[in-house]
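K.L.:
This is the structure I want to talk about, given as structure tokens.
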Amino acid sequence: MTYISADIIDNGNTLLLTDNSENQTRFHAMWLRDNALDVETRAANGQRLITLNDIPKDSIVQAANLCGNTSISIEFGPDGKKNRVPNSMVARKCIRQARKKG
């Protein structure tokens, strides 16, 4: 999946991704944080190392940048946690796509 924009909406509670077909998909900040693939969140075998109780309840997306066609760099607030999410992961986990832009 190739995304052309990553927009922070709903006061940082939601990340809106637009793909190259102009389909838009929303991801909640808490879901993105909970499903992070970094070594502090997931073991090499995929086992979860944290629970929802370990994540700040007021987590938001503070910054999001597309990293070529491969991933999205996300910085979460309020603690400044940074993570890189593969495009393939968000494309697979997409439950519902929003309507086309426009």
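K.L.:
Could you pull out every residue, at least 5 positions away or on a different chain, whose amide H is within less than 5 Å of the one on residue 71? Hs are placed 1.01 Å off N in the peptide plane, and Pro or chain starts have none.
P.N.:
So residue 71 has HN proximity to 87.
K.L.:
What net charge is computed for the residues neighbouring residue 81, neighbours being all others with C-beta under 12 Å from the C-beta of residue 81, Lys and Arg scored +1, Asp and Glu -1?
P.N.:
Residues near residue 81 contribute -3 overall.
K.L.:
In whole Hz, with x marking every Gly and Pro, tabulate ³J(HN,Hα) for the stretch 33-42 from phi via Karplus 6.51 cos²θ - 1.76 cosθ + 1.60, θ = phi - 60°.
P.N.:
Ordered by residue, 3J(HN,Hα) equals 5, 5, 9, 4, 10, 6, 5, 7, 9, 10 Hz.
K.L.:
Here's a follow-up. Rank 49, 23, 61 by how far each Cα sits towards the positive end of the charge dipole of the chain (+1 on Lys, Arg Cβ; -1 on Asp, Glu Cβ) and give me just the farthest.
P.N.:
Of the listed residues, the answer is 23.
K.L.:
Length gain on complete extension for the stretch residue 63 to residue 48, per 0.36 nm per residue less the alpha carbon to alpha carbon distance?
P.N.:
Going from the current span to full extension adds 3.0 nm.
K.L.:
Using only alpha carbons, build the gyration tensor for the chain and give me the equivalent ellipsoid semi-axes, biggest first, whole Å.
P.N.:
Its equivalent ellipsoid spans semi-axes of 22, 15, 12 Å.
K.L.:
Got a sec to turn the phi values of the stretch 5-20 into Karplus ³J(HN,Hα) couplings, 6.51 cos²θ - 1.76 cosθ + 1.60 with θ = phi - 60°, whole Hz, x for Gly and Pro?
P.N.:
So the J values, rounded to whole Hz, are 7, 10, 10, 8, 10, 6, 6, x, 6, 9, 10, 9, 9, 10, 8, 5.
K.L.:
Would you tally the net charge around residue 33, using a Cβ to Cβ cut-off of less than 14 Å, leaving residue 33 out, and scoring K and R as +1, D and E as -1?
P.N.:
Local charge sum for residue 33: 0.
None of the figures in this text is laboratory data; all of them are computed from the coordinates on show. The model shown is predicted, which means the values in this text are computed figures rather than measured ones. Glycine also receives a Cβ, built like all others from the backbone with ideal geometry; neighbour counts cover every protein chain displayed.
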